[in-house]
Amino acid sequence: QVQLVESGGGLVQAGGSLSLSCAVSGLRFSPFVMGWFRQAPGKEREFVAAISRSTGITDYADSVKDRFTISKDNAKNTVYLQLNTLKLEDTAMYYCAARAGRIVTRGRYDHWGQGTQVTVSS
């Protein structure tokens, strides 16, 4: 059974930083791509960042580029999202997701975690 467990969310002031983690287990396919998405209240879920487990290639939404960094530790089967220079509009539930393949994409993810809340205050 595939499990993705996010951690690291919390409350932070604008301009601050947070580090999210996503521990992955039970994936039977390789290679795979990991992504981070977020959903704010009343809004649709949106792509944040993704990374290929095999190639290390990354992709970022324009809204987070140069502020967020996605990384991975293959030995630990964990993906990270470093959030810097946080803005009020970054407040959302953050989800990690996985899909089979090498090519980084912004959609068609099959497995999802439960999410971790990030709240940015003024």
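Within the group A75, A61, which residue is in contact with a strand residue (DSSP E or B) (Cβ under 7 Å, 6 or more places away or on another chain) and either within 18 Å of G101 (Cβ to Cβ) or not polar (S, T, N, Q) (or both)?
One residue alone meets the criteria, A61.
Given V48, V24, which one is buried (at least 19 other Cβ atoms within 10 Å of the Cβ), over 13 Å from I70 (Cβ atoms), out of contact with any Asp or Glu (no Cβ under 8 Å at 6 or more places or on another chain) and not small (G, A, S)? Break it down stepwise before answering.
Working: V48 fails: over 13 Å from I70 (Cβ atoms).
None of the other options fit; the residue is V24.
Which members of segment 31-49 meet the condition of being part of a strand (DSSP E or B) and closer than 15 Å to H111 by Cα? Explain how you work it out, then say what you get.
Pass one, segment 31-49, residues part of a strand (DSSP E or B): 32-39, 46-49.
Once the filter is applied, which keeps residues that are part of a strand (DSSP E or B) and closer than 15 Å to H111 by Cα, segment 31-49 yields F32, V33, M34, G35, W36, F37, R38, F47.
Could you list, in sequence order, all residues of segment 27-45 that are under 15 Å from K72 (Cβ atoms) and either of a type outside the set (S, T, N, Q) or surrounded by 14 or more Cβ atoms within 10 Å (Cβ to Cβ) (or both)? First the steps, then the outcome.
Step one: filter segment 27-45 for residues under 15 Å from K72 (Cβ atoms), giving 27, 30-36.
Once the filter is applied, which keeps residues that are under 15 Å from K72 (Cβ atoms) and either of a type outside the set (S, T, N, Q) or surrounded by 14 or more Cβ atoms within 10 Å (Cβ to Cβ) (or both), segment 27-45 yields L27, P31, F32, V33, M34, G35, W36.
Out of the residues in segment 13-30 that are in a strand (DSSP E or B) and polar (S, T, N, Q), which is farthest from R108 (Cα to Cα)? If you could, list the steps in order and put the result at the bottom.
Step one: of segment 13-30, the residues in a strand (DSSP E or B) are 13, 18-25.
Restricting the remaining residues to those that are polar (S, T, N, Q) gives 13, 19, 21, 25.
On the way: Q13: 33, S19: 25, S21: 21, S25: 19 Å.
Looking at residues that are in a strand (DSSP E or B) and polar (S, T, N, Q), I get Q13.
Within segment 86-110, how many residues turn out to be farther than 13 Å from F32 by Cα and either of a type in the set (D, E) or in contact with a helix residue (DSSP H, G or I) (Cβ under 9 Å, 6 or more places away or on another chain) (or both)?
2
State whether the residues of segment 15-35 include one that is on the phi > 0 side of the Ramachandran plot and modelled with pLDDT of 95 or more. Even if it seems obvious, please write down each step before you answer.
Start the filter on segment 15-35 by keeping residues that are on the phi > 0 side of the Ramachandran plot, which leaves 15, 26.
Pick out the ones that are also modelled with pLDDT of 95 or more and you get 15.
Checked against the condition, which is being on the phi > 0 side of the Ramachandran plot and modelled with pLDDT of 95 or more, segment 15-35 yields at least one hit.
Among the residues of segment 111-122, which ones are open to solvent by less than 40 Å² (accessible area, probe 1.4 Å), closer than 18 Å to G35 by Cβ and not in a loop (DSSP other than H, G, I, E, B)?
Answer for segment 111-122, where residues must be open to solvent by less than 40 Å² (accessible area, probe 1.4 Å), closer than 18 Å to G35 by Cβ and not in a loop (DSSP other than H, G, I, E, B): T116, V118.
Among the candidates L4, L86, L27, which residue alone is of a type outside the set (D, E, K, R) and closer than 15 Å to T119 by Cα?
On the way: L4 fails: closer than 15 Å to T119 by Cα; L27 fails: closer than 15 Å to T119 by Cα.
Every option except L86 fails the conditions.
Among (1) free of Cβ contacts under 8 Å to residues at least 60 places away in the same chain; (2) within 17 Å of G115 (Cβ to Cβ), there is one condition F37 misses while meeting the rest; what is its number?
Going through (1) free of Cβ contacts under 8 Å to residues at least 60 places away in the same chain; (2) within 17 Å of G115 (Cβ to Cβ) one by one, F37 breaks only (1).
Give the residue that is modelled with the highest pLDDT, with candidates limited to residues of segment 69-107 that are among the basic types (K, R) and more than 15 Å from D59 (Cα to Cα).
First, pick out the residues of segment 69-107 that are among the basic types (K, R): 72, 76, 87, 99, 102, 106.
This time we only want the ones that are more than 15 Å from D59 (Cα to Cα), so: 76, 87.
Working: K76: 91, K87: 98.
Residue satisfying both the conditions and the ranking: K87.
The values are calculated or read from the model by the stated rules, or taken from the named source; none is laboratory data. None of the values given here were measured: they were computed from a predicted structure. Here Cβ is always computed from backbone atoms with ideal geometry, including for glycine, and neighbour counts include all displayed protein chains. SASA here: full protein model, heavy atoms, side chains in, ligands and nucleic acids out. Shrake-Rupley method; radii C 1.70, N 1.55, O 1.52, S 1.80 Å.
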